[in-house]
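Please read the structure below before turning to the comments.
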Amino acid sequence: KQWYQRTVREQSHLCLGSSLFCLAINYKQMSLYHALPFFFFILGPRYNSLSGIRELIKVGVTVIVTFGLCWFPFVPTGQEVLTRMFPFNRGLFEDKVANLWCTVSVLVKVRDLFSRAVLVKCALFLTLVSVLPSQLLLFRESSHYKFLLALTNSALGFFLCSFHVHEKTILIPLTTIVLFYSDKERHAGKEGVVAALPAVWFTTIATFSMWPLLLKDGLCVPYLAGMGLYLTICYILLKDQLRNKLVLLFVFSVIGCVVLHVLEVLVSPPVRYPHIYPTLNALYSAGHFSLFFCYFNYRQIVD
């Protein structure tokens, strides 16, 4: 009886969670960044047993019903809603966003060389190639720990490779990275500060990457105040670890951010390149995000 009650409770939680995630997707399509990890996390432990298949059927019905209820009022204008959710007409990227396409376009003007339809297919292909390896690892070994890493790798892969990414979507992988390093048992003690440094580092670069957007929105003072306070706390926590190579790399990375800010204030951009500083910001941040993407995929393989 206890086993039956536990099974029913777990199944109800699984269906409820699936329904809530469907609602999240319909509320903001950027939740699709996490769709593959949820799919493989649910599928992995259940595909090879009869009871598991029953659970998958219940989840499938839950997903269909939830999407049906959300989309039923919009059936007459479904095409218009889809166009707004997936703005392919707005181009490969809009502003200087720190992803693959903006970085490559500095040297090769891909938007001029290829049609929009071709770029959509290329973006889809590269996104799937970048995220599927981590999702297949999750399918083979489902756990809370691996799930958070798969969420991070999927979101970073989508940010770096997908079509028409907005600067603020870097906050999606940032959320799961912070959750991953909030594990007190795994990152405890004095060394835990250094062990959690990737989360601190990623937060710094993610905020820095949004500087052009924040500047355009008139949020210069809150940005400087927030970053100043944040980095001061980082210094207090890490000042005894400055001989650590990883900490030194973090320090040099922050110095690079400061140098770019100082240059932007003191040196006017050339007339020929009026957007050089947002471009440098995007290139500097994209390099960091690419390295973080490789690092977290490596962690999912070896941990």
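The values are calculated or read from the model by the stated rules, or taken from the named source; none is laboratory data. In this text, all values refer to a predicted model and were calculated from it rather than measured experimentally. Reconstructed Cβ throughout: ideal geometry from the backbone, glycine too, with neighbour counts over all protein chains shown. Only protein heavy atoms, including side chains, enter the accessible area calculation; ligands, DNA and RNA are left aside. Shrake-Rupley method; radii C 1.70, N 1.55, O 1.52, S 1.80 Å.
Order Val165, Val265, most accessible first, counting only protein heavy atoms with a 1.4 angstrom probe.
Working: Val165 10, Val265 120 Å².
Sorted descending by solvent-accessible area, the residues read Val265, Val165.
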Calculate the dipole size of the chain relative to its Cα centre from +1 charges on Lys and Arg beta carbons and -1 charges on Asp and Glu beta carbons; express the result in debye to the nearest 20. 440
In degrees, nearest 10, the alpha-carbon axis of helix 245-266 is tilted away from the dominant principal axis of the alpha carbons of the chain by 60
DSSP loop (so not H, G, I, E, B), at most 10 other Cβ within 10 Å: list which GluC sites (Glu not before Pro) in region 151-258 pass both filters. Glu185
Out of (1) 19.8; (2) 28.1; (3) 21.6, which label holds the value of Kirkwood radius over Cα pairs in Å that was computed here? (3)
Against the longest alpha carbon principal axis of the chain, how many degrees, from 0 to 90 and to the nearest 10, is the axis of helix 197-209 turned? 70
If one compares the long axis through the Cα atoms of helix 220-238 with the longest principal axis of the Cα atoms of the chain, the angle in degrees, nearest 10, works out at 80
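When ligands, DNA and RNA are left out and all protein chains stay put, how many square angstrom of accessible area per residue does the chain have with a 1.4 Å probe?
Values: 17900 Å² over 303 residues.
Normalised by residue count, the accessible surface of the chain is 59 Å².
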Once you charge only the Cβ atoms, +1 for Lys and Arg and -1 for Asp and Glu, what is the size of the charge dipole of region 214-282 about its Cα centre, to the nearest 20 debye? 180
Whole-angstrom gap from region 20-55 to region 121-180, using each part's C-alpha centre: 14
Based on DSSP H runs of at least 4 residues, each adding -39500 (n - 2.57), what is the mean residue ellipticity at 222 nm of the chain after dividing by all its residues, to the nearest 500 deg cm²/dmol? -24000 deg cm²/dmol
Once Lys and Arg get +1 and Asp and Glu get -1 on their Cβ, which of Leu32, Val97, Val81 lies farthest toward the positive end of the dipole of region 1-141? Leu32
Is there a quick way to get the dipole size of region 186-303? I mean about its Cα centre, with the Cβ of Lys and Arg at +1 and of Asp and Glu at -1; what is the value in debye to the nearest 20? 180
What nm distance separates the two modelled labels at Tyr298 and Lys28, each placed 7 Å from Cα along Cα→Cβ? 3.1
Keeping every protein chain in place, order Leu156, Leu124, Leu266, Leu215 by accessible area at 1.4 Å, biggest value first, i.e. largest first. Leu266, Leu124, Leu215, Leu156
So, in nm, how far is label Val221 from label Asp112 when the simple model puts each one 7 Å beyond its Cα toward the Cβ? 4.2
